[in-house]
Amino acid sequence: MLLLLGRRVTLSFVNRFTKSSPSSLSKPVFISSLLIKFRVAHSCFLVSTAVRNRGTMPERRPFVRLPTDVYPVNYGLCLKPDLIDFTFEGKLEALVEVTQATNQIVMNCADIDIITASFVPQGGEEINATGFNYQNEDEKVTLSFPSTLQKGSGTLKIDFVGELNDKMKGFYRSKYTTSAGEIRYAAVTQFEATDARRAFPCWDEPAIKATFDITLIVPKERIALSNMNVIERKPYPDDENLLEVKFATTPIMSTYLVAFVIGEYDFVESQSSDGVTVRVYTPVGKAEQGKFALEVATKTLPFYKEYFSVPYPLPKIDLIAIADFAAGAMENWGLVTYRETALLIDPKNSCSSSRQWVALVVGHELAHQWFGNLVTMEWWTHLWLNEGFASWIEYLCVDHCFPEYDIWTQFVSADYTRALDLDALDSSHPIEVRYRLSFMALSYMESHSVVIKMLQQVRTCRKCGLYNFHPNLGLFSAEDLWDCLEEASGKPIAAVMGSWTKQMGFPIIVVDQEQQGDNRILKISQKKFCASGPHNGEDCPSWMVPISICTSDDPTCTKLKVLLDRPEMTITLNSVSPEQWVKINPGTVGFYRIQYSSSMLQSLLPGVRDLSLQPVDRLGLQNDLFSLSRAGMISTVEVLKLMEAFVNEPNYTVWSDLSCNLGVLSSLLSHTDFHEEIQEFIRDLFTPIGMKLGWDSKPGEGHLDALLRGLVLGKLGKAGHKPTVEEARKRFKDHVEGKQVLPADLRSPVYLTMLKHGDSSTLETMLKLHKQADMQEEKNRIERVLGAISAPDLIQKVLTFALSDEVRPQDTVSVIGGVAGSSKQGRKAAWKFVKDNWEELYNRYQGGFLISRLVKVNIFFESHPAPSAERTVQQCCENILLNAAWLKRDADDIHHYLLQRKAPPV
């Protein structure tokens, strides 16, 4: 599953107003971060209320897993959805095994009414249930029987009814508009993590696997899809307008991977080189937009077959675009569901960043067909490994399919640095969270940054084979993987990885050097890094840290590797002359920050200016210094001086990370009287690269040039660079009048610039373009930048628009987040809007993860609990205090430096 948590860098010029704002839903983001940015740390009121009112959320009841005395072997499931009344009827005939005599069966069940239930022991007489005891808070039902069910096999029969809800979870309805303008509905599913129980009573735990025989009774003019291929389609005897569609038996699988879709779709079809039928389902009339994803999927399946040494086990795989979809995508086995923007590419109207996003998401979900579906986490505490592996290998896949994307460098900016920022907070958690669920950004970003990417250095992931864990049930835990890797590599993998997955946080590596003849002596120490500064307590944790070192003699080659398994050590680098620089963590792979001594840092700066440092290392150096400044370990002025050394920088991802950090600083200074000075700094920094790129693509340019142009023009336009604003106005006018349509890669920066410096007429024009757009990508592109409008009355208009029928429910948070991320006025207005409309927002998302993307401040939630956003509230309060301390500590120095830059030379 891919949650849209801003893990991507793909549209960073629009949304990275702060370090953790969404890049469009960019990888990735998701992208990266939560959407609303109420980090108004410099507001004394918010800081003081956060300090005074940091209460705790109401205590939850202890969670208890299902009993093990009865388990399913096969689900025979028949569902009949009503797409008019939004209900469904269901019949379940489950072959079960009773392992211990009992007179009751406990299952998961939520928002379902059981009509009848009975048990038929093998060779025995049917026993009718005498009671259904619903435990609504625990989402369970207990079926009571008048006599004891003896050990052995039997069939559990249940008739039930449920609702096709509008909450984007379970079995739900998705609204779409036909080409004739008629509103219709599809019936679709989203079961991860624990919502299969909203479609049928089941044992809804990942380790309780079974096979599934699914039958759907659907309107004859609708397409019906499920995990497996159709084996029978016949008229439904009770209604000539319905069809009964029966699917083949699935492999043994977890309930959260079951899926079915009933709706109107077109499709494009192909076959992978290893013989798997691949279809991409699109809205009617948009089959052309499925061809890019089809190309990626047909390339990816053989790549994964070779990588895992295991063929894809199903006869087909369908990828389908769902109109209303809370996540980015979901890896249901054989029927992968996506947001339209994560699957559909219009050859003429999709930007380069959207192509990259689709490639990454397709790669991610198809990786899950092996790691996650064929082998599955035993419990949700290992979600980090399930998602971490898929989030790492999606980059491997895209690098294979599109090497020109330089995707591994983008990985560092999109995921690695975001994970460091989150895990530096006191409100973070160990990777292996001992909670019922752990759908948090760290499950995606920290895990594959810390573990999988570091393991890649050992180069044993591929050797160990994926399926050595529990071949009968296909279950895994982290310990299984470590044992396997340890056996394959002969290295202490379990000990190393345990230090990273079982404790919170990561180290800062402090490095100093001394020259002794032809050798360089390095003193390296570690301590826990915190966003508020290094950990100085007595009980400081430590890690087993793989340390790599390179020198300017060959920046692409690791000169030495050591394992830092103690608080400090001394290392000798032989044959390193005094003029050579030394770089720790080449490739920015190890999950730690680095603090160099002053002399080492100064020696690295020429490598930034002359580009001899690799792009990913130039990025990592700047990002480490920025985080050290926020933590109070160095002055922010030192970072600004370093940023000015990037005058010759050509790399998109490096500029993206610079842009992101400058966005954080701009937001921090937005309440000061020298906010314009930081805008001038941004204009000065970005103008040379902007002039070099120009507005129009040149022969020989590629994917990364298009991304960089959009990033730079968006940054200059937002910062008020007059030539950029004037050219944007001209091109926007021609676009609206139909004289010259804007290339897709220029639309976001132009739209952003126009709104930032626009008026009511500009907003009306943008809303008109939104209404006219036939492609969801274009609608989302507009929605994400509407918040850039400045006038208070227009900000309110945008917020009202966010809850209108013009915006799909899953995109409301993007609109509100855009408002909150654009300005101090926007943050205040967005927060008031969320409070005023809390009941509607909470009911709309009903405890799903979208609510955590919306929530970013604390005091309100003591009287309006939102358990799924609890950690987000904690992180927000911590960030408020950190930013307040940062501003208080460095504001005067920053102001002085910015003024000094403008002063004429003496």
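The 1.4 Å probe gives accessible areas that order S525, S226, S542, largest first, as S542, S525, S226.
What does the charge add up to near F86, with Lys and Arg as +1, Asp and Glu as -1, over the other residues with Cβ less than 9 Å from its Cβ?
Values: positive: R173; negative: D82, D85, E163, D166.
Taking every other residue near F86 into account, the sum is -3.
Cβ under 10 Å from Y312's Cβ, Y312 left aside: what net charge do those residues give with Lys, Arg +1 and Asp, Glu -1? Net local charge, Y312 excluded: +1. Of the residues H368, H895, the one with the largest accessible area comes first in the ranking H895, H368, computed with a 1.4 Å probe on protein heavy atoms. Two numbers describe the Cα atoms of segment 66-263: Rg and Dmax, which are 17.0, 59 Å.
Under a cut-off of 14 Å between alpha-carbon atoms, report the aspartates and glutamates in cross-link reach of K151, not counting same-chain residues fewer than 8 places apart. Within the straight-line limit of under 14 Å, K151 reaches these aspartates and glutamates: D69, E97. Each distinct pair of alpha carbons in segment 642-792 adds a 1/r term; the inverse of their mean, the Kirkwood radius, is 16.1 Å. Taken per residue, the accessible surface of segment 483-523 reaches 45 Å², heavy atoms only and a 1.4 Å probe. For segment 313-356, the residues whose amide N sits under 13 Å from a probe point set 7 Å from the Cα of E288 along the beta carbon direction are 345-350. With K and R counted +1 and D and E -1, the other residues having a Cβ less than 13 Å from that of I789 yield a net charge of 0.
Using DSSP, restrict attention to beta bridges with both residues in segment 66-263 and report what percent are antiparallel, rounded to the nearest 5. Counting only bridges with both partners in segment 66-263, antiparallel ones make up about 90 percent. For segment 733-820, a Kirkwood hydrodynamic radius built from all Cα pairs, placed in the Stokes-Einstein relation at 37 °C and 0.692 mPa s, yields a translational diffusion coefficient of 254 µm²/s.
Give me the percent of Cα-Cα pairs in segment 577-663 that sit more than 22 Å apart, rounded to a whole number. Tail of P(r) above 22 Å: 18 percent of Cα pairs. Excluding same-chain neighbours fewer than eight residues apart, the lysines reachable from K561 by a Cα-Cα span under 28 Å are K453, K463, K491, K502, K523, K527, K528, K583.
What would the Debye equation give as log₁₀ I(q)/I(0) for segment 341-410 at q = 0.15, 0.24, 0.27 Å⁻¹, counting only Cα atoms as equal point scatterers? Listed by q, the Debye log ratios stand at -0.54, -1.01, -1.14.
The values are calculated or read from the model by the stated rules, or taken from the named source; none is laboratory data. Just so it is clear, the structure is predicted and the values come from calculations on it, not from any experiment. Methodologically, a virtual Cβ is constructed for each residue, glycine included, from the backbone with ideal geometry; neighbour enumeration extends over all protein chains shown. For accessibility, only protein heavy atoms count, side chains too; no ligands or nucleic acids. Shrake-Rupley method; radii C 1.70, N 1.55, O 1.52, S 1.80 Å.
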